[in-house]
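Asks: First, the structure itself, so that you have it in front of you.
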Amino acid sequence: MSRRRSRRDLLTSWLGAFREATEAMVSARKPDPATALRPPGALLPDERFLEACTGCGDCIPVCPVEAIVTLELESGAVVPAIVPSRKACHLCTDLYCIAACPEGALVSPGSAERVRMGIAKVDPRICVTFHGQPCTLCHRACPYPDRAITMIGGRPLVSSAACTGCGLCEFACPTSPKAIVIVPERNLVPGLRVPRDEFPAG
């Protein structure tokens, strides 16, 4: 009897551990609404995009690199999003996602070079170049090297004027956590394009 109970308890324990591990994996796969990017051409301010986007998903299947996924917000609304650490935007010349949007939530900025999804931010505490190790992966991945990302003294420097926020640098970064991440455009100070949490209030 005790042996049967012991086996049952062991099986229950294994199943519980498996369930917890599965739930953790599923949770890890879900995009973080705070850091996920809007697709190219998303209306600003962000409230305009959220009002215009119906969550139809027409922009998702037309993405040549399958970078656009669905994101469920706390409000329950479902919108398209890009998680650059998993799959970055390749800034395709024709910007198919914008052309596919039937509601005008995504509007052409004129060219891929003028897309503004966010801005890359380097964390010197993590970036190996700040600790004496050579690395140019983010610079090589950037679609506009020496404009959006410049290597100064062997370290990456991001230009707020040229960075599109495509996320190719974040995707290419070899560290974990990433030493370079994209701050979504909605979290930047308009005009200045610096993260709101770094800008002194008032």
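Asks: For region 166-202, give me each residue that is within 11 Å of ILE119 (Cβ to Cβ), modelled with pLDDT of 95 or more, part of a loop (DSSP other than H, G, I, E, B) and not small (Gly, Ala, Ser).
Replies: Within region 166-202, just CYS166 meets the criteria.
Asks: Can you find a residue that is farther than 29 Å from VAL62 by Cα, touching a Pro at 6+ places or on another chain (Cβ under 7 Å), at pLDDT 95 or above and assigned to a loop (DSSP other than H, G, I, E, B) anywhere in region 143-157?
Replies: First, the residues of region 143-157 that are farther than 29 Å from VAL62 by Cα: 146, 150-157.
From what's left, touching a Pro at 6+ places or on another chain (Cβ under 7 Å): 154.
In the following step, the residues that additionally are at pLDDT 95 or above were identified as 154.
Retained after the next criterion (residues that are assigned to a loop (DSSP other than H, G, I, E, B)): 154.
There is at least one residue in region 143-157 that is farther than 29 Å from VAL62 by Cα, touching a Pro at 6+ places or on another chain (Cβ under 7 Å), at pLDDT 95 or above and assigned to a loop (DSSP other than H, G, I, E, B).
Asks: All but one of (1) more than 30 Å from PRO61 (Cβ to Cβ); (2) assigned to a strand (DSSP E or B) hold for ILE119, so report the exception by its number.
Replies: Condition not satisfied by ILE119: (1).
Asks: Could you check how many residues of region 152-181 are in contact with a helix residue (DSSP H, G or I) (Cβ under 9 Å, 6 or more places away or on another chain) and farther than 18 Å from LEU43 by Cα?
Replies: Within region 152-181, residues that are in contact with a helix residue (DSSP H, G or I) (Cβ under 9 Å, 6 or more places away or on another chain) and farther than 18 Å from LEU43 by Cα number 18.
Asks: Related question: Go through region 22-75 and count every residue that is of a type in the set (Gly, Ala, Ser), at pLDDT 95 or above and not in a loop (DSSP other than H, G, I, E, B). Reasoning before the result, please.
Replies: Looking only at region 22-75, we keep the residues that are of a type in the set (Gly, Ala, Ser), and these are 24, 27-28, 34, 36, 41-42, 52, 55, 57, 67, 75.
From what is left, the residues that are at pLDDT 95 or above are 36, 41-42, 52, 55, 57, 67.
Cutting the leftovers down to not in a loop (DSSP other than H, G, I, E, B) gives us 42, 52.
Qualifying residue count for the region: 2.
Asks: Determine whether CYS163 is assigned to a loop (DSSP other than H, G, I, E, B) and either buried (at least 19 other Cβ atoms within 10 Å of the Cβ) or modelled with pLDDT of 95 or more (or both).
Replies: yes
Asks: Scan region 115-155 residue by residue and report those that are free of Cβ contacts under 8 Å to residues at least 24 places away in the same chain and of a type in the set (Lys, Arg).
Replies: Within region 115-155, ARG125, ARG147 meet the criteria.
The values are calculated or read from the model by the stated rules, or taken from the named source; none is laboratory data. Every value quoted in this text rests on a predicted model; they were computed, and no experiment measured them. A quick note on method: Cβ atoms are made from the backbone with ideal geometry, for glycine too, and the neighbour counts reach across all protein chains shown.
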